[in-house]
Amino acid sequence: MIGARLLLAWLEAIPGSSWQQRWENSPASASYDGWQQHIQTWAATQGRKPSRGTLHSGLLALICADVIRPSLPWLARNTSRYLRPAIAITRDPQGFAQLEADVPAREYAVRTGSEALKIIAQIVIAYGGGIDDIVVGDLLNHHQLMSAHKQTSTLSAVRLAYTWLRGRGQFPSDAPATLAHLTVRTGQLSPAELIDRYDLRCQPVRDLLVDYLTERQPTLDYASLSGLAATLGNLFWADLERHHPGLDTLRLPSEVSDAWKRRIAVKTVRKRCPDGTVRTVTEPRKSAPTVKMLVRAFYLDIGQWALDEPERWGRWAARCPVSEADCAVKKMEAEQKAWSDNRTRERLPVLPVLVRTAERLLRETRARLEAIDAAPRGSTVTVHGETFTLPAGGHRADGKAGFVRDSSGTRRDLRSEERRAFYAWATIEILRHTGIRIEELQELSHHSIIRYKLPSTGEIVPLLQVAPSKTDKERLLLISPELADVLSAIVSRIRRPGGTIPLAPSYDSLEKTWNPPMPVLYQWPVSGENRPISANTIRKSLNETLEASGLIDASGQPLRFAPHDFRRIFITDAILNGLPPHIAQVIAGHDSINTTMGYAAIYPADAIEAHRAFIARRRQIRPIEEYRAVTSEEWDEFLAHFERRKLALGECGRAFGTDCIHEHSCVRCPVLIVSPTEQPRLEEIRDNLHDRIAEAEMNGWLGDVEGLQVSLAAAEEKIARLDARQARKESPVFLGIPTLDKLAARIIDSQEPTS
């Protein structure tokens with residue numbers, strides 16, 4: 001107690017009506033670093049020299065007695081291992097004992113669990129009371145403090161402490177399920193908040209957009225409402241205000257609306273070049289027809305509502321600047337269909353390679369993990385040609401290595417590699433066997449696997465219940481034996497020793513709402529708490545598998561698989577193998593069969609077979625010698641013909657088997673195909689011919705003059721042809737539509753009938 005008495009004596013010299021006020025007014029409360037120096041300096045004037053340990057123990061005694069309450073930033077810098085046990089014993093022994101009984105023991109085994117208990121003790125110190133008095137704001141303040149200082153390990157401990165206390169039912173039901181990614185999980189915004197994100201200057205139009213969204217809100221989900229607000233608030237009116245300041249009416253002049261349509265047709269994006277630089281490019285906006293369609297619906301809705309409520313909407317009714325033709329999407333849908341079919345046809349044949357690669361990566365990552373788990377600390381292990389060095393110490397309670405270093409010295413987390421390889425394999429298998437969407441994959445839970453008894457035979461078959469997603473339609477899929485193996489592997493992986501599946505809360509990033517805790521299949525423990533696996537993590541795992549497969553596309557670039565590609569492949573493969581399209585529609589959960597057929601990249605089999613039959617019939621009536629096998633000499637001669645066609649000025653266009661009729665005077669030859677890149681050389685030949693003609697005329701070589709003039713005329717004709725081709729490329733395309741003055745009028749001569 002020597003240190004405590006010394007601290008109290010020091011605090012008596014500081015103004016304040018309580019010990020806490022004196023502590024707050026003291027220089028030691030400003031920062032934990034060097035706080036003892038202020039007391040030691042004062043003690044020296046009193047003829048005393050207390051040690052740092054004495055001051056630490058004295059301060060701990062005052063904190064345990066709740067005499068002073070240092071702030072959270074001050075406590076966050078305190079690394080004493082005695083602080084948490086002392087608080088647990090002196091301040092709230094019953095609360096800490098109950099917390100340890102409520103939390104599974106394995107969560108205390110990791111370092112993050114010990115840090116979480118320390119954070120709870122710090123909150124009790126800073127705000128007083130016990131564990132039961134901790135509120136959401138206390139942990140939120142600590143989370144923001146750690147975020148500002150970018151202390152990642154402490155952030156994980158704060159989140160774990162929040163999960164513990166929320167699991168005890170200590171917080172309100174509307175409290176966030178977790179503090180992870182709290183800055184982006186903001187919840188739903190009101191129509192006014194959605195519009196105010198774009199800082200519109202015209203207040204009346206801003207109020208109109210808010211009223212319009214409020215009117216539409218009951219019939220839209222939040223994702224659609226947010227997208228509509230972005231279109232009307234940002235892409236439409238904010239864009240008009242930037243280019244036409246002072247605009248305050250929906251009655252847009254034609255030049256204003258036309259300029260907006262041109263701007264909305266393109267967008268500016270930043271693209272990373274192969275050398276690592278970033279450049280800004282302008283490219284067509286694929287969603288431009290949708291944007292114009294929403295603006296057109298806005299104008300038409302206002303006009304219709306003005307008939308029912310003229311006092312509210314009447315003054316805003318105006319002519320719609322977007323015509324029906326502006327919203328035409330037929331060409332865009334055709335391009336989208338062609339792009340989608342080409343993407344599916346490119347990926348369908350290589351799917352077995354991707355499946356084998358995923359299985360191989362899973363086997364290799366498991367073998368590496370098993371090898372380092374079996375090896376002692378500080379040893380070296382070689383697995384599949386890779387050498388790993390295990391650390392001599394660690395913080396894991398099970399004694400296993402967390403991170404290892406490979407032969408190049410790179411620090412690697414083999415447990416994370418094995419987890420990503422497992423879920424990449426599981427994702428590929430589930431998506432290719434079911435064709436579900438990625439958000440439906442993330443929502444699969446242990447409750448999704450159900451049993452169904454066939455009424456005809458009484459046989460029990462497993463079904464996969466897919467939760468409502470895009471179309472809000474729940475559907476049931478038959479679980480094949482291959483799919484059953486994958487699902488059982490996931491369940492076995494996440495099941496706890498007692499046989500239960502952990503409940504993990506998930507956040508709907510589209511609807512901005514928290515889902516109730518569910519035994520989802522796609523989850524893993526992170527810093528002591530169970531979290532759903534995000535869509536970005538799933539995509540990253542797929543990309544790692546694709547990179548290991550070595551697959552490339554038609555352009556030679558690494559092939560990329562999006563999760564939605566498996567949906568297109570599933571539908572295409574099912575229909576090609578005889579599944580009726582209307583059944584595929586039900587399995588895929590589409591509202592329209594046209595959507596299902598849009599996913600199916602099916603070749604026109606009837607047309608292909610009919611064409612093959614036509615070719616077979618034509619070959620039967622032609623002489624058989626026309627279809628004999630080509631000899632190697634004939635094939636070499638054929639290839640040599642194309643090699644001989646390559647000339648200095650381009651290529652010779654003569655037919656196979658014919659000789660040069662101009663004795664290689666190529667400038668004169670009409671079948672010479674001049675390359676545009678050789679135009680400067682052709683112009684040099686023309687200038688040289690002028691000089692040679694002048695020399696021949698001066699010397700009286702009239703025969704040479706005649707021959708050179710023929711060559712000159714041919715060279716000038718070829719140069720003129722190249723210039724005309726280049727001009728045609730640079731000029732706008734003329735469609736050949738005649739004007740009225742070029743139309744020939746038809747005159748009919750008629751005579752008055754004679755009586």
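Between the helical axis of 288-308 and the dominant principal axis of the chain, each derived from Cα atoms, what acute angle in degrees is found, rounded to the nearest 10?
Value to nearest ten degrees: 70.
State the answer as a single residue: which of Tyr212, Leu165, Ala180 lies farthest towards the positive end of the charge dipole of the chain, with beta carbon charges of +1 for Lys and Arg and -1 for Asp and Glu, about the Cα centre.
Farthest towards the positive end: Leu165.
Find, to one decimal place in angstroms, the Kirkwood hydrodynamic radius of the range 212-289, where the mean of 1/r is taken over every pair of different Cα atoms and then inverted.
After inverting the pairwise mean of 1/r, the radius is 14.9 Å.
On a full-extension model of 0.36 nm per residue, what is the gain between Glu255 and Arg345, subtracting their alpha-carbon distance, rounded to one decimal in nm?
Length gained, Glu255 through Arg345: 28.0 nm.
For the chain, find the longest principal axis of its Cα atoms and tell me its angle to the long axis of helix 254-264, 0 to 90°, nearest 10.
Approximately 70 degrees, to the nearest 10.
How high is the relative contact order of the range 189-331? Use alpha-carbon pairs under 8 Å, at least six apart in sequence, and give a whole percent.
19 percent
Mind checking the log10 I(q)/I(0) for the range 134-279 at q = 0.09, 0.10, 0.16, 0.21 Å⁻¹? Debye, one equal scatterer per Cα, no solvent, two decimals.
Ignoring solvent entirely, the Cα scatterers give -0.52, -0.61, -0.95, -1.15.
List the relative contact order of the range 439-481 as a percent without decimals, with contacts defined as Cα pairs under 8 Å and 6+ residues apart.
Here the relative contact order equals 32 percent.
Taking H placed 1.01 Å from N in the peptide plane, check which residues at least 5 places from Arg201 or on another chain put their amide H under 5 Å from its amide H.
Amide H neighbours of Arg201, under 5 Å, 5+ apart: none.
Which of the lysines could a cross-linker bridge to Lys292, judged by Cα under 27 Å and excluding same-chain residues fewer than eight apart?
Once the sequence-local lysines are set aside, what remains near Lys292 is Lys261, Lys267, Lys271, Lys330, Lys331, Lys337, Lys470, Lys512.
Place +1 on the Cβ of every Lys and Arg and -1 on the Cβ of every Asp and Glu in the range 414-532, take the dipole about the Cα centre, and give the residue among Leu478, Ile450, Ser509 whose Cα lies farthest towards its positive end.
Most positive-ward Cα: Ile450.
Quick one: dipole size for the chain, taken about the Cα centre, charges +1 on Lys/Arg Cβ and -1 on Asp/Glu Cβ, in debye to the nearest 20.
2920 debye
How large is the direction-averaged shadow of the alpha-carbon convex hull of the range 1-68, in nm²?
For the range 1-68, averaging the hull's shadow over all directions gives 4.1 nm².
Compare Arg645, Arg262 by solvent-accessible area with a 1.4 Å probe and give them largest first, with all protein chains kept in place.
Ranked list, largest accessible area first: Arg262, Arg645.
With the alpha-carbon atoms as the only input, what is the per residue convex hull volume for the range 351-460 in Å³?
So the per-residue hull volume is 184 Å³.
At 222 nm, what value in deg cm²/dmol follows for the chain if DSSP H runs of at least 4 each add -39500 (n - 2.57) and the sum is divided by all its residues, to the nearest 500?
-16000 deg cm²/dmol
Work out how far the C-alpha atoms of the range 21-165 reach from end to end along every principal axis, then list the three figures in whole Å, largest first.
Projected onto the principal axes, the Cα atoms of the range 21-165 cover 52, 32, 27 Å.
Just want to confirm a number: the relative contact order over the chain, from Cα pairs under 8 angstrom separated by 6+ residues, in percent.
7 percent
Sorted by packing (mean other beta-carbon atoms within 10 Å per residue), highest first, where do 578-589, 3-14 land?
So the peptides 578-589, 3-14, ranked by packing, come out 3-14, 578-589.
Using a 1.4 angstrom probe on the protein heavy atoms only, could you order Lys400, Lys646 from most to least accessible area?
Ranked list, largest accessible area first: Lys646, Lys400.
Which option, (1) 56; (2) 65; (3) 73, is the value of percent of Cα pairs over 33 Å apart that was calculated from these coordinates?
Given (1) 56; (2) 65; (3) 73, the calculated one carries the label (3).
Could you run the Debye sum over the Cα atoms of the range 367-432, one equal point scatterer each and no solvent, and tell me log10 of I(q)/I(0) at q = 0.17, 0.20, 0.21 Å⁻¹, two decimals?
-0.61, -0.78, -0.83
Shape call for the range 439-496 from the C-alpha gyration tensor, a ≥ b ≥ c root eigenvalues: rounded (a/c under 1.5), prolate (a/b greater than b/c) or oblate?
Oblate.
By per-residue mean of other Cβ atoms within 10 Å, what is the highest-first order of 32-44, 610-622, 132-144?
By packing density, highest mean first, the sequence is 132-144, 32-44, 610-622.
Short version: ³J(HN,Hα) in whole Hz for each residue of the range 128-142, in order, from phi by Karplus 6.51 cos²θ - 1.76 cosθ + 1.60 (θ = phi - 60°), x for Gly and Pro, what are they?
x, x, x, 5, 5, 8, 6, 10, 4, x, 4, 6, 5, 4, 5
Obtain the nm distance between the two label points defined at Ser534 and Arg201 by a simple spin-label model: each point lies 7 Å from its Cα along the Cα-to-C-beta direction.
3.7 nm
Can you find, among Val350, Ala306, Tyr599, the residue farthest towards the positive end of the dipole of the chain? Put +1 on the C-beta of Lys and Arg, -1 on that of Asp and Glu.
Val350
What does the accessible area per residue of the chain come to in Å², with a 1.4 Å probe and no ligands, DNA or RNA counted?
Heavy-atom accessible area per residue stands at 58 Å².
Using a 7 Å offset from the Cα along the Cα-to-Cβ direction at both Lys646 and Gln144, what is the distance between the two label points in nm, to one decimal?
For Lys646 paired with Gln144, the spin-label model returns 7.1 nm.
Based on the Kirkwood radius over alpha-carbon pairs, what is the Stokes-Einstein translational diffusion coefficient of the range 63-137 at 20 °C with 1.002 mPa s viscosity, in µm²/s?
In µm²/s, the coefficient is 169.
Which value, in debye to the nearest 20, gives the size of the charge dipole of the range 54-163 about its Cα centre, when Lys and Arg are +1 and Asp and Glu are -1 at the Cβ?
So the magnitude is around 480 debye.
How tilted is helix 563-576 with respect to the longest principal axis of the chain? Cα atoms for both, answer in degrees (0 to 90, nearest 10).
Here the helix axis deviates by roughly 50 degrees.
Relative to 2.2 N^0.38 Å, what does the C-alpha radius of gyration of the range 341-405 come to as a ratio? Two decimals please.
1.65
Quick one: pull the percent of accessible area on the chain belonging to carbon and sulfur, 1.4 Å probe, ligands and nucleic acids left out.
53 percent
Quick one: putting +1 on the C-beta of Lys and Arg, -1 on the C-beta of Asp and Glu, what dipole do you get for the range 343-488 around its Cα centre, in Debye to the nearest 20?
Dipole magnitude for the range 343-488 comes out near 280 debye.
Leaving ligands, DNA and RNA out of it, work out the accessible area of Cys320 with a 1.4 Å probe and give it in Å² to the nearest 10.
Approximately 30 Å² for this residue.
What's the extension gain from Met332 to Ala374 if we count 0.36 nm per residue and subtract their Cα-Cα distance?
Length difference between fully extended and current span is 9.3 nm.
The values are calculated or read from the model by the stated rules, or taken from the named source; none is laboratory data. Since this is a predicted model, take the numbers as computed values, not measurements. Counting neighbours? That spans all protein chains shown, and the Cβs are built from the backbone with ideal geometry, glycine included. Note: areas computed on protein heavy atoms with side chains; ligands, DNA, RNA excluded. Shrake-Rupley method; radii C 1.70, N 1.55, O 1.52, S 1.80 Å.
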